[in-house]
Amino acid sequence: MKKIGFLSFGHWSPQSRTRSAADALLETIDLAQAAEQLGADGAYVRVHHFARQLASPFPLLAAIGARTKRIEIGTAVIDMRYENPLYMAEDAGAADLIAGGRLQLGISRGSPEQVIDGWRYFGYQPAEGESDADMGRRHAEVLLDLLRGQGFAQPNPRPMFPNPPGLLRLEPYSEGLRDRIWWGAGSNATAVWAAKLGMNLQSSTLKNDETGEPFHVQQAAQIRAYRDAWKQAGHTRTPRVSVSRSIFPLVDDRDRAYFGREGQQQDQIGYLDEQTRAIFGRSYAAEPEALIEQLKADEALAEADTLLLTIPNQLGVDYNAHVIEAILTHIAPALGWR
């Protein structure tokens, strides 16, 4: 069995079916409801700043939580370089309570953004001797500490409202959310770091090219290193691991028109910055029987317990619901995911 959800970047442009920010937000809510009705397990969003994409996740997650009953809701990922961990803990707690404990919060140190050092405009700056990546991980560690629910703030001796005894914690507090924090790891080292801190692992369609091997082989090795580190850390619960994939079964004329031509059938190499060579995983698009055989050979997909389907949200709710249904119907049973 494998949990299967969708991941939307929430793009919009006047030239697409998703023409505005309002369209992107409302269509994401509609798709989450449709995915739940189809039997999918998760509705996840990506967060990018200074872009015509989804940016502020918590109002959207709360709305999805209020309009659904069963499906997991989450992020993949929130860039922690831009975040105030205290405010974020309150927002996350509220969204999780609205959803009845279904929030799966993916965070990371972030990737290249639309503007130079965009986190500076949000009022954040690395400490002396610290990189922006270090700052993002520091913000993450503060968030994890806050989500333990321990009091840390000295109460006012003359408060406006009565306080419980002792130091105060942030409210609202949602029990169990700390165990539903995921780290988006771009390298083996950060996957190991996440395991030591007790976070679940999200591994996307790109990672640092550390060995020159095919993407799925490197990603599978990353997952195994993560699980080894988790075991060595002595955590008592079983961690979760997700991978993201672009998968399109060609079952009707629309699918063939959109994805039937020769696409990105091979991994791609690029650079995230001047120093970081990255490998980008291939997309999958084929008739169901051929697609099943291709996916059987994906080592990282076999290692993960959760699959996030990256969707072309600008093609509309109906089409993306069709893609999800095709995977749940034609692909998942044959691979033992259902």
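The values are calculated or read from the model by the stated rules, or taken from the named source; none is laboratory data. Remember, predicted model here, so these are calculated numbers, not experimental data. Quick reminder, even Gly has a Cβ in these numbers, built from the backbone with ideal geometry, and neighbours come from all protein chains shown. The area values use the complete protein model at the heavy-atom level, side chains included, leaving out ligands, DNA and RNA. Shrake-Rupley method; radii C 1.70, N 1.55, O 1.52, S 1.80 Å.
For the reader, a short list of remarks on this structure follows.
- Ranked by the mean number of other Cβ atoms within 10 Å of their residues, highest first, the peptides 286-294, 185-193 fall in the order 185-193, 286-294.
- Paramagnetic reach from residue 274 (point 7 Å along Cα→Cβ, amide N under 20 Å) across region 102-116: 111-116
- Helix 132-146 axis versus longest C-alpha principal axis of the chain: approximately 60°, rounded to the nearest ten.
- The tail of the calculated P(r) for region 1-93 beyond 15 Å holds 60 percent of all Cα-Cα pairs.
- Taking the alpha carbon gyration tensor of the chain, multiplying each eigenvalue by 5 and rooting it gives semi-axes of 33, 23, 20 Å, largest first.
- In order through region 226-243: 3J(HN,Hα) via Karplus (6.51 cos²θ - 1.76 cosθ + 1.60), integer Hz, x for Gly, Pro: 4, 5, 4, 5, 4, 4, 5, 6, x, 5, 8, 8, 8, x, 10, 9, 10, 10
- Folded to 0 to 90 degrees: helix 317-326 orientation relative to the chain principal axis, Cα: 70
- Charge sum, other residues only, whose C-beta stays under 10 Å from residue 119's C-beta, Lys/Arg counted +1 and Asp/Glu -1: -3
- Where only C-alpha atoms are counted, convex hull volume of region 212-338 per residue in Å³: 143
- Net charge of neighbours whose Cβ lies under 15 Å from the Cβ of residue 13, counting Lys and Arg as +1 and Asp and Glu as -1: +1
- Only helices enter this figure: runs of n ≥ 4 DSSP H residues, each worth -39500 (n - 2.57), summed and divided by the residues of the chain, yield -10500 deg cm²/dmol at 222 nm to the nearest 500.
- Solvent-accessible surface (1.4 angstrom probe) belonging to residue 132, in square angstrom, nearest 10: 40
- Using alpha-carbon coordinates, inclination of helix 21-38 to the longest axis of the chain, degrees: 70
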